[in-house]
Amino acid sequence: MTDPALIPPQPHGQLTEARPEVSPPAHPRARRRFADRDALLAWVFLLPSVGYIVALVAIPFFLAIAFSFSDVTAGDPSFDWAGLRNYQDVFDDPVFWRSLRNTVVFTVVSMLLIVVLGKVLANVLIADFRGKWLVRFLVLLPWTTPVALSTIAWLWLLDSVFSPIDWVLRELGLIDANMYWLGKPDLAIGSVIVVHVWRLVPLAAVIMMAGLVAIPKDVQEAASVDGAGFWRRMFEITIPLTLPVIAVAALFGAILTFTDMAVVYVLTRGGPTNSTQVLASWAFFRGIEGGDVGQGAAIALFLFPLLLAAAIAILRAVRRMDVS
């Protein structure tokens, strides 16, 4: 009970009653406590990424391992243990060895061209000229365009009858007849590599451009004052300082080329006579279109150790560069 003597006098006709103290709501305090728990917040923010990786990477990967030791087909999805039979059939398949060789060749050649051309394009993009932002936008278009759509455009450009490239070359007097870019093995391989490089050079250029912009201008200016020319600055300052970034661009180019089958599928479907077949496309043709899910999974699993070895080698090289 409140002591009546402590209640101040009120105007005539008004009643006075004691009001209980109201405590502030606990919600803001609880939210503040949750926001201050860094360890819990880290897991909360990581959960979507972890769920994505588990659902779209881990589960299909372990399913592929299980299918590679089974006789699962499109007509008979029941799981029966087959041991190493699928791997033995893969090793006896000459198309598999050609696909493996093509995968390595495509990746190595494309990666070298992507790194060199990406470096050149990055130097152009950091230059100060009018319309620079428009040029950067146009350079990024090949990377932002869906791969199937851009490859279909190249399919028309390399058409055996109506190719505009052949028309230009004929008008210039460089050829007498159509080249049949996708009908001859050597030209088909070159065409696939060109399309891969065309798609991935913009990404490499943007990555390297970030490294070039991070180089202190004082270093370049000091080298110019000391009389160092363009090529000396390039090989003694620019390239050494951007080697980690170049390695990252090479890693992205290797991964995206090594695991991509869209360009081969749209342009050549592995032809002519499987001369442009790669591991990803051959696994698709055997496992999905051919219906032999077990053998297709066995072929696809060969991508993992090769890609893992390449990634480890590049990342170790980057670590050595950072240490030195």
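The values are calculated or read from the model by the stated rules, or taken from the named source; none is laboratory data. These numbers come from a predicted model, not from an experiment. Cβ coordinates were reconstructed from backbone atoms using ideal geometry, including for glycine residues, and neighbour counts include every protein chain displayed. Heavy atoms of the whole protein, side chains included, go into the accessibility calculation; ligands, DNA and RNA do not. Shrake-Rupley method; radii C 1.70, N 1.55, O 1.52, S 1.80 Å.
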Straight-line reach check, K119, cutoff 23 Å on alpha carbons, 8 or more apart in-chain or any other chain, hits among lysines -> K132, K217
In degrees rounded to 10, the 0-90 angle between helix 303-323 Cα long axis and the longest Cα principal axis of the chain is 70
Sorted on mean Cβ neighbours within 10 Å (highest first), peptides 126-139, 184-197 come out as 184-197, 126-139
Of the convex hull enclosing the alpha-carbon atoms of the range 236-324, the direction-averaged projected area in nm² is 7.3
Calculated from DSSP helices alone, with each H run of at least 4 adding -39500 (n - 2.57) and the total divided by the residues of the chain, [θ]222 nm to the nearest 500 comes to -20500 deg cm²/dmol
Expressed in nanometres to one decimal, the distance between label points 7 Å along Cα→Cβ at I288 and V44 is 3.9
Everything considered on the Cα gyration tensor (a ≥ b ≥ c; rounded for a/c under 1.5, else prolate if a/b is larger than b/c, else oblate), the range 86-214 must be described as oblate
Longest principal axis of the chain (C-alpha) makes with the long axis of helix 94-125 (C-alpha) an angle, in degrees to the nearest 10, of 60
In whole percent, the fraction of accessible protein surface over the range 232-324 that belongs to carbon or sulfur atoms, probe radius 1.4 Å, stands at 67
Protection proxy (average C-beta count within 10 Å per residue), highest first, orders 230-239, 44-53 as 230-239, 44-53
Checking rank on 300-313, 271-284, 95-108, with mean other Cβ inside 10 Å and highest first, the result is 271-284, 95-108, 300-313
With every protein chain kept in place and a 1.4 Å probe, the chain has an accessible area per residue in Å² of 63
Of the accessible area of the range 79-223, computed with a 1.4 Å probe and all protein chains kept, carbon and sulfur make up a percent value of 71
For S70, other-chain or 5+-apart residues with amide H closer than 5 Å (H placed, Pro excluded) are A82
